Structure formats: structure tokens, C-alpha cells
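To start, the structure itself, in C-alpha cells.
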Amino acid sequence: MVPRAGVTVDICPRDLPIALIGTGGGALALWADAPAEIAVPVALLIVLDIRVRRWRRRT
């Protein structure tokens, strides 16, 4: 995916311990009987901090 001009996408890991989040997310997926196609993207959204910013050039 390529963002359009004037859009900045920042992706960085959160300050929480990734092993703890992964264990909790995996346990929750097993407990709720969620398929991997749903559990993996949700776990990535929890672990990663994704920011989308728009900016304009001043003319």
C-alpha cells in the first residue's frame, strides 16, 4: 500500500512488553475460539501503534 501525497503513516511498536501482549492475545483467541484469520490482525493492531497524519503544503 502506497499512501498518497500529503499523508504520513507511522508504524512503531508500543511500549508494552510484546511477549506479554502476545500471550494474552493468544489466550484470548483460544478462549473465544477465534480463527487465526481474525486473531492475527487484531493482535497486530494491539501490538503496533499506527498513526496516519494528513498534511498540506502551504502555497
Scan the range 12-51 for residues that are over 15 Å from the mean Cα position of the chain (by Cα) and acidic (Asp, Glu) and jot them down. Asp33
So the check is Cβ under 7 Å with 6+ separation or different chains; which pairs have a first residue in the range 4-24 that's under 17 Å from Arg56 (Cα atoms) and a second one that's hydroxyl-bearing (Ser, Thr, Tyr)? none
Evaluate the range 17-24: report whether one residue or more is modelled with pLDDT under 80, surrounded by 10 or more Cβ atoms within 10 Å (Cβ to Cβ) and among the small types (Gly, Ala, Ser). yes
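The values are calculated or read from the model by the stated rules, or taken from the named source; none is laboratory data. Since the model is a prediction, treat every value here as computed from it, not as a measurement. We place every Cβ from the backbone using ideal geometry, glycine too, and count neighbours over all the protein chains shown.
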